[in-house]
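Inspection log for the structure reproduced underneath, given as structure tokens.
The values are calculated or read from the model by the stated rules, or taken from the named source; none is laboratory data. Remember, predicted model here, so these are calculated numbers, not experimental data. Counting neighbours? That spans all protein chains shown, and the Cβs are built from the backbone with ideal geometry, glycine included.
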């Protein structure tokens, strides 16, 4: 098992990139006894410009809190994809939405209809949770159940939100089998 | 909600929980990035605990309200960032002069002025000490993890109450906004301010001579005692006093009450320093870069250790001097242009080289930048 995973959720503000990172970190620390750190970067605008969250999940203590060598970069908007595709090296997986025009990259690219899957799962805003589902399914970075628990904690007392987010997450888990 | 041992939370959330655990029940502030989560969480949590949250008109009013609430006997705090901290400086002096316990959280961002509102920096080190005019001491603590955000906020309140002083929690955007697992354990110690036991007619709120730690008891406004807070030079009773010997006595007191208690106030953490030939000395978010660099350098056979300055003010000169004496060179990574390095230089002997690694482009210093300097030095 890999000791430390480095993941970037990127896109534009408002897509729930921080939430995706938070749920992943909570699943790891709260339910699997692992170490997790999440840092973020965004502009002064409340939504619509480049934003990202850096997540590190490890079986040992994490010193540096930003991603230096990503294992996976998830790009949910063109601005983020264009930023990362030319920068990434071999050994990184770049997962992006099929609405984005592809570019050459040294990364291993996976293109999925993430927005479409989110819409079909009943929550067009759930693209972040769909991508988290794909990440968990593809990497085993944390257990599916840990994320389900983290979602239930995050939206405690808000049944509709729990249901919508679980649907999005589980649609992501199934995505590669579609 | 499931019961979890570790909560995956932001530094700013842990700061708020630390304040509440320390017994703080009053917050007045004006939200500003990257400290706003402290205001947000305080606005929810304080009323749940019978406390009070006030969103003020600006930061000048915020610290004034905090001073007033503390003078009335309630542990009080505010949170801000550079621009707000600048506005607070005048009234910070009032808290110094009136010896009013309070905690001011400054989650540092890129400056000067409005700067880069969402981006980190560590540029307010000197401002925390000298931002308000006149000779005085201050206490400033700097967390480097979410757990330390919680623990050091509790410590900040304890020090504020024990030494009757404003305490600055000098966090930064990286640590304030970073999420990490932390445990909001019950505090090992909660210090309450010393209250007068004398007859009310005999009470002098600034009569520190002969008191333990040279700190006078503090009665609450509205109690049976009369407490005067006076920004002008004042005597033991708080009455305005222009006597030269009185000014000398009190201005020295605002400085010496920290110097005499350095051993209690100052906290540093050492990592792998026993056999170190080189040392990284740093604070706040840059500790994270330093610790990662330390491991990389040790893998390459360079004997490096790290001294984390948890207390920034009063500056840990003795602890720093001891390390500088031991090693051949010291690397000081900081997200400013050398504010901590300047203090280290004061006690660094000539045989010890001193290098700064400074970034002000709002990007965190990477471990590789520190490693490169260490490799260059070790050749």
Checklist line | strands (runs of 3 or more DSSP E) wholly inside region B:1-89 that include at least 2 residues being within 14 Å of another protein chain (Cβ to nearest Cβ) and surrounded by 17 or more Cβ atoms within 10 Å (Cβ to Cβ) | finding: B:7-10
Check: Residue check, residue A:78 against (1) more than 25 Å from residue A:30 (Cβ to Cβ); (2) within 14 Å of another protein chain (Cβ to nearest Cβ); (3) out of contact with any strand residue (DSSP E or B) (no Cβ under 7 Å at 6 or more places or on another chain), all met but one. Which one?
Finding: (2)
Check: Restricting the search to region B:158-177, which residues are more than 23 Å from residue B:101 (Cβ to Cβ) and away from chain A (no Cβ under 11 Å)?
Finding: B:172
Note to self: Could you tell me how many of the residues in region A:50-67 are within 18 Å of the chain's Cα centre (by Cα) and facing chain B (nearest Cβ under 7 Å)?
What the structure shows: 2
Notebook entry, point to check: When you look at residue B:329, is it surrounded by fewer than 22 Cβ atoms within 10 Å (Cβ to Cβ) and closer than 17 Å to residue B:272 by Cα, yes or no?
Noted result: yes
Notebook entry, point to check: Which ones in region B:307-323 are farther than 23 Å from residue B:107 by Cβ and either within 15 Å of the chain's Cα centre (by Cα) or outside any strand (DSSP E or B) (or both)?
Noted result: B:317, B:318, B:319, B:320, B:321, B:322, B:323
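Conditions (1) assigned to a helix (DSSP H, G or I); (2) closer than 29 Å to residue B:214 by Cα; (3) without any contact (Cβ under 8 Å) to a residue 12 or more places away in the chain; (4) not assigned by TED's automatic domain parsing to the domain that holds residue B:141, marked per residue:
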site: B:238; (1), (2), (3), (4): no, yes, no, no
site: B:245; (1), (2), (3), (4): yes, yes, yes, no
site: B:253; (1), (2), (3), (4): yes, yes, no, no
site: B:275; (1), (2), (3), (4): no, no, no, yes
site: B:287; (1), (2), (3), (4): yes, no, no, yes
site: B:305; (1), (2), (3), (4): no, no, no, yes
site: B:325; (1), (2), (3), (4): yes, no, no, yes
Check: Within region B:95-177, which helices (runs of 4 or more DSSP H) (wholly inside it) include 2 or more residues that are in contact (Cβ under 8 Å) with a residue 12 or more places away in the chain and surrounded by fewer than 24 Cβ atoms within 10 Å (Cβ to Cβ)?
Finding: B:125-130, B:146-163
Next item on the list: Scan region B:183-216 residue by residue and report those that are in contact with a helix residue (DSSP H, G or I) (Cβ under 7 Å, 6 or more places away or on another chain), more than 30 Å from residue B:149 (Cβ to Cβ) and either within 14 Å of another protein chain (Cβ to nearest Cβ) or assigned to a loop (DSSP other than H, G, I, E, B) (or both).
Entry: B:208
Notebook entry, point to check: Do the conditions hold for residue B:180, that is, is it within 14 Å of chain A (Cβ to nearest Cβ) and either buried (at least 20 other Cβ atoms within 10 Å of the Cβ) or outside any loop (DSSP other than H, G, I, E, B) (or both)?
Noted result: yes
Item checked: Matching residues in region A:54-79 - criterion: being under 14 Å from residue A:111 (Cβ atoms) and in a helix (DSSP H, G or I) -> A:78
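Look through region A:20-49, keep the residues that are part of a strand (DSSP E or B) and at pLDDT below 95, and return whichever of them is farthest from the other protein chains (Cβ to nearest Cβ). Break it down stepwise before answering.
Within region A:20-49, the first condition is being part of a strand (DSSP E or B), and the residues that meet it are A:35-42.
In the following step, the residues that additionally are at pLDDT below 95 were identified as A:40-42.
On the way: A:40: 6, A:41: 8, A:42: 6 Å.
Ranking the candidates gives A:41 first.
Within region A:100-122, how many residues are part of a loop (DSSP other than H, G, I, E, B) and touching a strand residue (DSSP E or B) at 6+ places or on another chain (Cβ under 8 Å)?
Residues of region A:100-122 that are part of a loop (DSSP other than H, G, I, E, B), as a first pass: A:100-107, A:113, A:121-122.
Filter once more, keeping what is touching a strand residue (DSSP E or B) at 6+ places or on another chain (Cβ under 8 Å): A:100, A:102, A:105, A:107, A:113.
The number of residues fulfilling the criteria is 5.
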Next item on the list: Please find, among A:4, A:92, the residue that is touching a strand residue (DSSP E or B) at 6+ places or on another chain (Cβ under 8 Å) and within 13 Å of chain B (Cβ to nearest Cβ).
Entry: A:4
Next item on the list: Would you mind finding the one in A:156, A:150 that is surrounded by 15 or more Cβ atoms within 10 Å (Cβ to Cβ) and more than 19 Å from residue A:10 (Cα to Cα)?
Entry: A:150
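Which members of region B:37-48 meet the condition of being free of Cβ contacts under 8 Å to residues at least 40 places away in the same chain and touching a helix residue (DSSP H, G or I) at 6+ places or on another chain (Cβ under 8 Å)?
Just the residues of region B:37-48 that are free of Cβ contacts under 8 Å to residues at least 40 places away in the same chain, to begin with: B:40-48.
Answer for region B:37-48, where residues must be free of Cβ contacts under 8 Å to residues at least 40 places away in the same chain and touching a helix residue (DSSP H, G or I) at 6+ places or on another chain (Cβ under 8 Å): B:41, B:42, B:45, B:46.
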Notebook entry, point to check: Going by the structure shown, is residue B:319 within 14 Å of chain A (Cβ to nearest Cβ), farther than 20 Å from residue B:372 by Cβ and touching a strand residue (DSSP E or B) at 6+ places or on another chain (Cβ under 8 Å)?
Noted result: no
Checklist line | Residue in region B:360-379 that is farthest from residue B:174 (Cα to Cα), counting only those that are outside any loop (DSSP other than H, G, I, E, B) and touching a strand residue (DSSP E or B) at 6+ places or on another chain (Cβ under 8 Å) | finding: B:378
